[in-house]
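These notes are about the structure you will find just below.
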Amino acid sequence: MNKKTNTAYLSQFSPDMKIFELVEISPSLLSIFSRLNIRLPFGDISVAEMCEREGHSVELFLMLASMHTDTSFRPQKEHLRAEMLTEVIEYLRASHRYYAEHMLPHTSAHLEKILQHCGNLFKSALRRFYDEYTDYIVTHFEEEERNIFSIIDNCTTENYSEQVCTLFDMPHADIDDRSNDIASLIFKNLPEEAPTTLRCTMLEHIYALRDDLRRHSNVEMYLLRPLIETYLNSKR
């Protein structure tokens, strides 16, 4: 374990914190454990002990935890290391799987419960609108895998800068707008026959997905992008 880890800039978290203390601050951090394939149970171990056990960088784990908890958090470039790049790419790929295999199907299953209380015309329209929304998100992930992550995997130092310079212009804001649109539709237009509890739970799922996608975008823009620059600088 690296005893000289500098995490003073991570005000909420520290390597010495117990895992249960970390989760008490923000229970949604449990999803990070899933994406990093971190094994449970944790017992009474600290963040540093967990990272050592699982083979993860303490600094990077705390950066991801901070970005997940506080969307305004930005990692400082002086704390980034070139060897973090591979682990961040793995985390982002795991996030894509988490959305596609967990969050989207879970939300879709709840939507089907709501549709049981809707007339055929509205049922067809809402299902089509939601399917278009999920298809757009999955297509966006596929484009990132193909146009960003795979290029980063295969780039050489000589052509790296040219290829990655425009890779981060993909329309994340459009996903946010579409999430808000479907939330507005459910909030304003569902027939009264749809129980309030189902409607509220569906909105919770949509907003949770939207907020997590915002964090995902932040990791790409404010962690992956500067890490690529750090990697390039280390090769010069």
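Throughout, read-outs are computed from the coordinates displayed, never taken from laboratory work. Predicted model only: the values in this text are computed from it and were never measured. All Cβ positions, glycine included, derive from the backbone under ideal geometry; neighbour counts span all protein chains shown.
Taken over the range 54-93, the criterion of being of a type in the set (Ser, Thr, Tyr) and in contact (Cβ under 8 Å) with a residue 12 or more places away in the chain is satisfied by 57, 66, 69, 71, 91.
Those residues that are exposed (fewer than 14 other Cβ atoms within 10 Å of the Cβ) and either assigned to a helix (DSSP H, G or I) or free of Cβ contacts under 8 Å to residues at least 24 places away in the same chain (or both), I need them from the range 115-124; list them, please.
Hits for the range 115-124 are 116, 120, 121, 124.
Residues in the range 70-87 that are under 14 Å from residue 222 (Cβ atoms) and out of contact with any helix residue (DSSP H, G or I) (no Cβ under 7 Å at 6 or more places or on another chain): 3 in all.
From the residues in the range 177-213 that are assigned to a helix (DSSP H, G or I) and of a type in the set (Gly, Ala, Ser), which one is farthest from the chain's Cα centre (by Cα)?
Taking the range 177-213 and keeping what is assigned to a helix (DSSP H, G or I), we get 177-189, 196-213.
Applying the additional criterion that residues be of a type in the set (Gly, Ala, Ser) yields 179, 183-184, 208.
Working: 179: 15, 183: 19, 184: 23, 208: 11 Å.
Looking at the filtered set, the residue picked out is 184.
Kindly indicate whether any position in the range 94-104 is touching a residue at least 40 places away in the same chain (Cβ under 8 Å) and farther than 20 Å from residue 210 by Cβ. Among the residues of the range 94-104, not one is touching a residue at least 40 places away in the same chain (Cβ under 8 Å) and farther than 20 Å from residue 210 by Cβ, which makes the answer no. Please find, within the range 55-72, the residue that is farthest from the chain's Cα centre (by Cα) out of those that are closer than 16 Å to residue 224 by Cβ and part of a helix (DSSP H, G or I). Of everything passing the filter in the range 55-72, 59 is farthest from the chain's Cα centre (by Cα).
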